[in-house]
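The values are calculated or read from the model by the stated rules, or taken from the named source; none is laboratory data. Because the structure is a prediction, the values reported are computed rather than measured. Cβ sites come from the backbone with ideal geometry, for glycine too, and all protein chains shown count toward neighbours. These accessible areas exclude ligands, DNA and RNA; they are computed on the full protein's heavy atoms, side chains included. Shrake-Rupley method; radii C 1.70, N 1.55, O 1.52, S 1.80 Å.
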Amino acid sequence: MPPIIFEDKHILVINKPSGLLVHGDGHNCEPTLADFLIESGKVKKGVGEPLVIKMNKSLATDCALPSHEYVTEKGTAKGADGKKVITELKIHRPGIVHRLDKDTSGVMIIAKDNDTFFALKKEFQDRTMKKEYLAVVRGSFKENIGSIAVPIGRSKNDFRKFLGGRGTRGELRDAVTDYRVLGTTRDDRATEWSIILIKPRTGRTHQIRVHMTFTNHPVGGDKLYGDEKTISAYPRLMLHAMRLSYLDKDGKKLVFEAPSPEEFKDIANLAQVELPC
């Protein structure tokens, strides 16, 4: 179970480590945060909204994971002999209101009951849930404070990726990312790296990674969007969800923070800056 930042009868706040998938997509049997939540008994399986997928050849059917539930029925064309066949895969996502990418670390809030789940979901939809990230990105900036307002859509060439502006397919969705440069340093190969504080106004998939790549400042260690130099510079994706805040039903502001990982502290020391968390 990931480190717990805060817990009461309604919510669980954790510090998700880099490398942990939040929930599965049916294509592999990798243990996820959803499985840890169910196994630990912290959140009941029925809280939230499960992901239901029609079975096909690409989906894994031998996963003995707590979050996986295979739906079967009799008498289909493939099961004319009366045997049950798997028709759907239901992936439980207990209390999971929002996600972090697998390789992003940091604070996540999880609901323990359905009333809380839908209340938190509305906070995210209304953009009243505020998130702050730390990132280490390649290059230096002309201005220490800036904003990137570039719509994001799916890549035409790679189903895993999203792109800013051209080269996308389907709907382009508005995306705005504010940032502030905390400091800049150089590595052993004389490559400049900046450590920045990021406040996304919207919550698109891969938004920070896409916007940083779009502005030629890819996130260090990004295996999906970075080039060889970016990928090899760091052993992990240098993106950390540092802080999450919102107003509860009584109007009280709640703030939760995940301490900066050691990798970020090392860069901050080189840049001679103090991290906000």
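Proximity of backbone amide H atoms, modeled 1.01 Å from N, is registered between A175 and V150, I152 at under 5 Å, excluding neighbours fewer than 5 places apart on the same chain. Left without a cysteine partner by the 4.7 Å Cβ rule in the chain: C277. Only one residue of A135, I86, W193 has its Cα farthest out toward the positive end of the dipole of the chain, where Lys and Arg carry +1 and Asp and Glu -1 on Cβ, and that residue is I86. In a Debye calculation with equal point scatterers on the alpha-carbon sites of the chain and no solvent, what is log10 I(q)/I(0) at q = 0.17 Å⁻¹? At q = 0.17 Å⁻¹ the computed log10 ratios are -1.42. Over region 130-230, with a single point scatterer placed on each C-alpha, what log10 of the ratio I(q)/I(0) does the Debye formula yield at q = 0.18, 0.22, 0.25 1/Å? Each listed q corresponds, in turn, to -0.83, -1.16, -1.37.
Taken along the Cα-to-beta-carbon direction at a fixed 7 Å, the label points for E49 and E73 span 2.3 nm. The Cα center of region 220-250 and the Cα center of region 1-59 differ in position by 19 Å. In sequence order, region 29-44 has phi-based couplings of 10, 6, x, 10, 4, 4, 5, 4, 5, 5, 4, 6, x, 5, 9, 6 Hz under the Karplus curve 6.51 cos²θ - 1.76 cosθ + 1.60, θ = phi - 60°, and Gly or Pro positions carry x. Computed 3J(HN,Hα) for region 212-223, one whole-Hz value per residue from the Karplus formula 6.51 cos²θ - 1.76 cosθ + 1.60 where θ = phi - 60°, is 5, 5, 4, 8, 6, 10, x, 6, x, x, 7, 6, glycine and proline marked x. Per residue, the accessible area of the chain comes to 53 Å² when a 1.4 Å probe rolls over the protein heavy atoms.
Our estimate of slack between S155 and T87, defined as 0.36 nm per intervening residue step minus the Cα-Cα distance, is 21.5 nm.
So what is the calculated 222 nm ellipticity per residue for the chain, using -39500 (n - 2.57) for each DSSP H run with n of 4 or more, over all residues, to the nearest 500 deg cm²/dmol? All intermediate terms of the calculation are to be shown ahead of the outcome.
Working: 5 runs with 44 residues, N = 277.
Value at 222 nm, helices only, nearest 500: -4500 deg cm²/dmol.
When the dipole is taken about the Cα centre of the chain, and only Lys, Arg (+1) and Asp, Glu (-1) are charged at their Cβ, what size is it in debye, to the nearest 20?
Details: 45 positive and 37 negative charges, 173 e Å.
Dipole about the Cα centre, nearest 20: 820 debye.
Multiplying the sequence separation of R180 and K121 by 0.36 nm and subtracting their Cα-Cα distance, what value in nm do you get?
Details: separation 59, 0.36 × 59 = 21.24 nm, distance 2.77 nm.
Extra length from R180 to K121 when fully extended: 18.5 nm.
Under the simplified labelling scheme, the S40-K223 pair shows an inter-label distance of 2.4 nm, with each label point 7 Å from Cα along Cα→Cβ. Label sites at I145 and R189, each approximated as a point 7 angstrom past Cα along Cα to Cβ, lie 3.4 nm apart.
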